[in-house]
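Peer 1: Take this structure first; my questions come after.
The values are calculated or read from the model by the stated rules, or taken from the named source; none is laboratory data. Everything numeric here is computed off the predicted structure, so don't read it as measured data. Counting neighbours? That spans all protein chains shown, and the Cβs are built from the backbone with ideal geometry, glycine included.
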Amino acid sequence: MGTNKSFVQLDGKPIIQHVIERVQALQLLTILITNTPEAYATFQLPAYTDVLPGNGSLGGIYTALSYSTTPYTLCVGCDMPLLQPDLLQYLIDKAPGHDIVVPVVGTRPENLCAVYSQNMSPIMRQQIEQGQLKIGLLHEKVRVAKIQETALKAIDPALHSFMNVNTPDDLAKVQQALHDTLT
């Protein structure tokens, strides 16, 4: 998109503000993992840089676990402004007894809208140190609850939670979906 997509405007506010509001609806401790914490100061949330820089989304999730004080951590992408709090709560409720709870849309695991156990931290670190940065590789090593589309649609029928913004076309689709849900 040629700019930091967190700050792209959607319905009069930055995309990241939509994400924050939807996560905070669950009254969870909310932290931000970013390479530029100072850019997020207006949100008045703790913001941290990667513990192990340069390791993509896996490094970000590892960092979130490093700063988390709870047994499970909900990790979501900054570009998913239509997350449904009820769906997020459903994922959290499924966490006990699992290392990862991940929604699956079609055949694609939504690793950036998932719950990770604190037990994952050493496994993630080892994987990062081995240069294996694909989050999906974790699924082969641990107890994963894959939440299938049928269960997801019972909470979010149009699966709007999984719409993200990577292009201007994506932004237009998200804007339309947002207005469709408001009317």
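Peer 1: Across the stretch 41-60, which residue is nearest to Ile92 (Cα to Cα) among those that are free of Cβ contacts under 8 Å to residues at least 40 places away in the same chain, in a loop (DSSP other than H, G, I, E, B) and hydrophobic (A, V, I, L, M, F, W, C)?
Peer 2: Leu45
Peer 1: Something else: Pairs under 9 Å by beta carbon, first residue farther than 11 Å from Ile147 by Cβ and modelled with pLDDT under 95 in the stretch 85-107, partner crowded, with 20+ Cβ neighbours inside 10 Å and of a type outside the set (Asp, Glu), six or more apart or different chains?
Peer 2: Between residues of the stretch 85-107 that are farther than 11 Å from Ile147 by Cβ and modelled with pLDDT under 95 and residues that are crowded, with 20+ Cβ neighbours inside 10 Å and of a type outside the set (Asp, Glu), there is no close pair.
Peer 1: So in the stretch 11-40, with the set limited to residues that are outside any helix (DSSP H, G or I) and in contact with an Asp or Glu (Cβ under 8 Å, 6 or more places away or on another chain), which one is surrounded by the most Cβ atoms within 10 Å (Cβ to Cβ)?
Peer 2: Ile33
Peer 1: Here are the criteria: (1) in contact with a strand residue (DSSP E or B) (Cβ under 6 Å, 6 or more places away or on another chain); (2) closer than 22 Å to Val165 by Cβ. Tell me which single one Ser57 does not satisfy.
Peer 2: (1)
Peer 1: Would you mind stating whether Asn166 is surrounded by fewer than 15 Cβ atoms within 10 Å (Cβ to Cβ), within 22 Å of Gln17 (Cα to Cα), touching a residue at least 40 places away in the same chain (Cβ under 8 Å) and under 17 Å from the mean Cα position of the chain (by Cα)?
Peer 2: Here the answer is yes, as Asn166 does meet what is asked.
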